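**Q** After the structure tokens below, expect a handful of questions from me.
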Amino acid sequence: MTPSNDFSPLARFIDALTGDATPLRIGIQVAVAATALGLGSLAAASVRKRVPANPRWKFGEGGFDRVVLPLFMWLAVWLGKLALAPHQAVALLEIVLALTTAFAAIRIAVYVLGHVLPPGAFLRSVIRFIAWAAWIAVALHVVGLLDETLEALDRAGVTLGKQRISLLLVLQALGALGLTLTIAMWASRITESRVLAAQSVEMSMRMVVVKLLRVVAIFLAILVALPMVGIDITALSVFSGALGVGLGFGLQKIASNYVSGFIVLLDRSLKIGDTVTVDNRRGEVQAIEARFTVLKGGDGVKSIIPNEVLITQSVQHHTYSDPKVSIVIPVRVTYESDVDLACELLLTAAGGQGRIIDDPPPTARVKALADLGVEIELTVWVLDPAVGDGDLRSEILLRVIRTFRDQGVVLARRDLRPPATAETGESSA
């Protein structure tokens, strides 16, 4: 490929240097570019001080300062080029304008994606890809190879039915889809923050609205992106058919989990902060996502529960209608011990515990007369079951051991001797 001098800013600038361009005209362009960049920097600094951050609208925060600078620099260079173009060649300003365009595009992408994607390796990879694409496009434009490169990409392709698919079309589709998805997700995040802040609506309904908004935003982004590059939307009928077959054969569980997630939110059977036990996993509901629910146990371990399990299996809901939960601590004493005193000591051991509430009050009752001793149960009530009961049980039992020893109440021991045989009356050991 050979650069086209008619459309190459670099070629026009070189021609001006070797032609009739005087040092004065080159100096004027340099002065205009430097002045424009300086004025753009001053204007950006002034705007940054006057624009307050608005977390609800995701504006003015999270790297906003880094966006304002290249935008005002681009605007100043463009105005300088516009003013100088009627009087002389402005090839140098065109190169500077192309560079500031890439600079502004990268900063805008970083700013918007920072509000859409979570921080991490994926976000850094996307930003790195956008930066490389922007600088390569500017370099091809400056040297005059951009049009030839686009034509070469357009020639490399195949025809599928009535639709011709080229590398250029694929890149345009990816770019349009990425742009529309980014805008849709940004608008969705803004709307989500406002919906979640609506205290007059229950949290479960807010979560339903948020998830529906996200799905609608992604769907609309795809519908807008495909026609932008000339792809017939009716071609999606083939994809929808394939998706239906996939759901029928291998994606039933995934689809079931998504549907179950909406059912859980709509019927309000679970809410954020509830304490439940699912598959012997007891914990507090931390999040209800589209496909799964997150439970945080008292030990800090988080369990990922598929939403289908919450619909098809039994769930112990400890705080469904009342946040108070009972904790039962069994104790066995010998028949020679004072049982009434043992019950009083159990109640004393439960006193002074900050987590134990007075209504209902702690109770100690005889549960059964077992072979090895008298079984007594201490029942206490707490308002924070998600914290767990391990520490509370330990503290109460330590007090029980100390007070029983001081008051002469003897804890029954489990008989660890092996049973005797019927023939000899001796142990089988």
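**Q** Out of the total accessible area of the range 70-160 (probe 1.4 Å, heavy atoms of protein only), what percent is carbon and sulfur?
**A** Roughly 76 percent of what the probe reaches on the range 70-160 is carbon or sulfur.
**Q** Say each of Val158 and Ile190 gets a label point 7 Å from the Cα, pointing the same way as Cα to Cβ; how far apart are those two points in nm?
**A** Rounded to a tenth, the inter-label distance reads 4.1 nm.
**Q** Further, regarding this structure: Which value, in Å² rounded to 10, gives the accessible area of Glu284 with a 1.4 Å probe and all protein chains present?
**A** Approximately 60 Å² of Glu284 is accessible to the 1.4 Å probe.
**Q** Length gain on complete extension for the stretch Leu220 to Leu24, per 0.36 nm per residue less the alpha carbon to alpha carbon distance?
**A** 65.2 nm
**Q** Can you give the accessible area of Lys302 in Å² (nearest 10), computed on protein heavy atoms with a 1.4 Å probe?
**A** Looks like 120 Å² after rounding.
**Q** So for Leu270, Leu69, what's the accessible-area order with a 1.4 Å probe, most first?
**A** Largest accessible area first, the residues go Leu69, Leu270.
**Q** Quick check: from the Cα gyration tensor, does the range 299-424 come out rounded (a/c under 1.5), prolate or oblate?
**A** oblate
**Q** At 0.36 nm per residue, and after removing the present C-alpha to C-alpha distance, how many nm does the segment from Glu336 to Asp406 gain when stretched out fully?
**A** Taking 0.36 nm per residue and subtracting the Cα distance, the gain is 23.6 nm.
**Q** Past 32 Å, Cα to Cα, is the threshold; run Lys271/Lys367; Lys324/Lys367; Lys253/Lys302; Lys49/Lys271; Lys211/Lys296; Lys253/Lys324 against it and keep the listed order.
**A** From Lys271/Lys367; Lys324/Lys367; Lys253/Lys302; Lys49/Lys271; Lys211/Lys296; Lys253/Lys324, over 32 Å: Lys271/Lys367; Lys49/Lys271; Lys253/Lys324.
**Q** Taking R0 as 45 Å, what's the FRET efficiency between Ser166 and Leu212 from their Cβ-Cβ distance, rounded to 0.05?
**A** For R0 = 45 Å, the calculated efficiency reads 0.80.
**Q** How much accessible surface area, in Å² rounded to 10, belongs to the heavy atoms of Ile356 with a 1.4 Å probe?
**A** 20 Å²
**Q** Then there's this: With a ≥ b ≥ c the root eigenvalues of the C-alpha gyration tensor of the range 58-182, is it rounded (a/c under 1.5), prolate (a/b larger than b/c) or oblate?
**A** In terms of gyration-tensor shape, oblate.
**Q** Also: R0 = 41 Å: FRET efficiency of Thr363 with Thr277, Cβ-based, nearest 0.05?
**A** Plugging the Cβ-Cβ distance into 1/(1 + (r/R0)^6) gives 0.95.
**Q** Work out the FRET efficiency for Ala287 and Ile127 from their Cβ-Cβ distance, taking R0 = 30 Å, and round it to the nearest 0.05.
**A** 0.65
The values are calculated or read from the model by the stated rules, or taken from the named source; none is laboratory data. Everything quoted here is computed from the prediction, not taken from an experiment. FYI the Cβ positions are ideal-geometry reconstructions off the backbone, even for glycines, and counts take in every protein chain you see. Just so you know, the surface numbers come from the protein's heavy atoms only, side chains and all, with ligands and any DNA or RNA stripped out. Shrake-Rupley method; radii C 1.70, N 1.55, O 1.52, S 1.80 Å.
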